[in-house]
Amino acid sequence: MAVELILPRVDMDMSEGKIAHWYVKNGDTVTKGQVVFEIETDKATMEIDAAADGIVQGIDGVVGVTMPVGQIVGWILQPGEAVPAAGVAPDAPQAVAEAAPAAAPEAAASAPSTLLRATPLARSLARERGIDLNKVSGSGPDGRVLAADLSGTKRAASQANTGALNLHWFSRHEGAPLVLLHGFGTSQGSWRALAEQLRDLPVLGIDLPNHGKSPRAEIPDFDAVAQAVLERLDSEGINEVHLLGHSMGGGTALALTGLLASRLRSLTLVAPAGLGPEINGAFIDGILRASSEASLRPWLVQLFGDASRLSGSFVATALQELGNETKRAGLAAMAARLLPDGTQAESLRARLEGLVIPVKLLWGTLDRVLPIHQATGLPANVALHTLAGIGHLPQIEAAPLVAALVRQQLGASVFASSSPQAT
């Protein structure tokens, strides 16, 4: 059954938007729930998932063009299906192959529709609740599924929470992937700007527990976070990896060094947690309390060395990432264990001792969340890069520079692995 890819309405005031990025191309096979494109509005950016399994067709790949809500931007087809012709009525049958004989008029008139029709709100609710729209009887025009049609529908058993962390491939290529681990209160989507600079490499991001699309979990320490990441990598069938961790994700990467052992090819840390007790506890408390863009903005500005880099879209997206009260409760519980009383409870400095892989540490000189002096006194095997004029988010403020340093790091790992001194 052909399923439309449409520009959805993500808030009540939205009448138009634009596609900021395509994660797929025509001919790609996708699974339900896989991110296919990203939309941008005046208020936020949001990733849009596939509503069904199938093959992507009919997209033009254009980005940055404003279009109305509800516009069809592509299709998810089943093998043998063709992209529906423009102007064809929704209930009209679509040709499945050029060689297929035309159906008799009587058969065509009685053939069931192969198109899934649903309003943007219905699609959004279905994704949120794990509902298969193919199994919902629509009450709208031409059988279109409305939001009201989803009332009381149970979450599909196949969508039951398994506890696995959400993993997203930014780009797939041969070789050990670069695994991106994000900071507190955000998600793997925060790496988008950097991942765009590295699209010729295998790159994936993981939502840490209580973040993004990953489930809520009780997290006593960084080792527990690392164990959850390791299990997700194992379930994906990934053996060797390069790690790039920022802030809390950097602490997680440090905790992963022992678990991965010889599977770890290189380690890049960006203003990582775990190298000293100090942290801007007021910042953590502030973002957890903020319930509006107005109250969140003053805290988010502390992330940047250049305050002008904080956009309205960044603020709106950050507010969405923090989520509802349930999600915030999970984040608060995690902060209470990892950062009690605004202090980093764990020291992970010893995890850097004895590593024979390339290790880089990147830190902005204007970081107001984690102080740069925590980068002093580290083992001699750690290459330190101080980034002048940059705050806590080098991967956003200096994405090209960070990308170049990551490429350098991955190249160094190839040399190290082929060196007779490497163990």
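Computed quantities for the displayed model
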read-out	value
Unmet requirement for Ala336, which otherwise passes all of (1) open to solvent by 40 Å² or more (accessible area, probe 1.4 Å); (2) in contact (Cβ under 8 Å) with a residue 60 or more places away in the chain	(2)
Flag for Thr317 being in a helix (DSSP H, G or I), of a type in the set (Ser, Thr, Tyr) and surrounded by fewer than 24 Cβ atoms within 10 Å (Cβ to Cβ)	yes
Test: residue in segment 265-272 that is more than 23 Å from His373 (Cβ to Cβ) and in contact with a His (Cβ under 8 Å, 6 or more places away or on another chain)	yes
Residue pairs meeting the criteria (Cβ under 8 Å; at least 6 apart or on separate chains; first closer than 11 Å to Val270 by Cα and open to solvent by less than 40 Å² (accessible area, probe 1.4 Å), in segment 375-403; second assigned to a loop (DSSP other than H, G, I, E, B) and polar (S, T, N, Q))	Leu387/Thr365; His392/Ser247
Search result, residues across segment 304-314 that are in a helix (DSSP H, G or I) and surrounded by 19 or more Cβ atoms within 10 Å (Cβ to Cβ)	Phe314
Residue count, segment 285-296 (criterion: outside any loop (DSSP other than H, G, I, E, B) and over 22 Å from the mean Cα position of the chain (by Cα))	5
Options Arg192, Arg216: the member that is outside any loop (DSSP other than H, G, I, E, B), in contact (Cβ under 8 Å) with a residue 24 or more places away in the chain and basic (Lys, Arg)	Arg192
Test for Glu325: is it of a type in the set (Asp, Glu) and surrounded by fewer than 20 Cβ atoms within 10 Å (Cβ to Cβ)	yes
Residue count, segment 272-303 (criterion: of a type in the set (Phe, Trp, Tyr) and open to solvent by 50 Å² or more (accessible area, probe 1.4 Å))	1
Test: Thr343 is over 27 Å from the mean Cα position of the chain (by Cα) and over 14 Å from Met248 (Cα atoms)	no
Residue list for segment 221-271, restricted to those being open to solvent by less than 10 Å² (accessible area, probe 1.4 Å), assigned to a helix (DSSP H, G or I) and of a type in the set (Gly, Ala, Ser)	Ala226, Gly249, Gly250, Gly251, Ala253, Ala255
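Table: residues versus (1) in contact with a Leu (Cβ under 9 Å, 6 or more places away or on another chain); (2) modelled with pLDDT of 95 or more; (3) β-branched (Val, Ile, Thr); (4) not in a helix (DSSP H, G or I).
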residue	(1), (2), (3), (4)
Leu361	yes, yes, no, yes
Arg368	yes, yes, no, yes
His373	no, yes, no, no
Leu378	yes, yes, no, yes
Ala383	yes, yes, no, yes
Thr386	yes, yes, yes, yes
Gly389	yes, yes, no, yes
His392	yes, yes, no, yes
Gln395	yes, yes, no, no
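The values are calculated or read from the model by the stated rules, or taken from the named source; none is laboratory data. Fair warning: this is a prediction, and the values are worked out from it, not measured in the lab. Please note: Cβ atoms are built from the backbone with ideal geometry, for glycine as well, and neighbour counts cover all protein chains shown. What goes into the accessible areas is simple: the full protein's heavy atoms, side chains included, and nothing from ligands, DNA or RNA. Shrake-Rupley method; radii C 1.70, N 1.55, O 1.52, S 1.80 Å.
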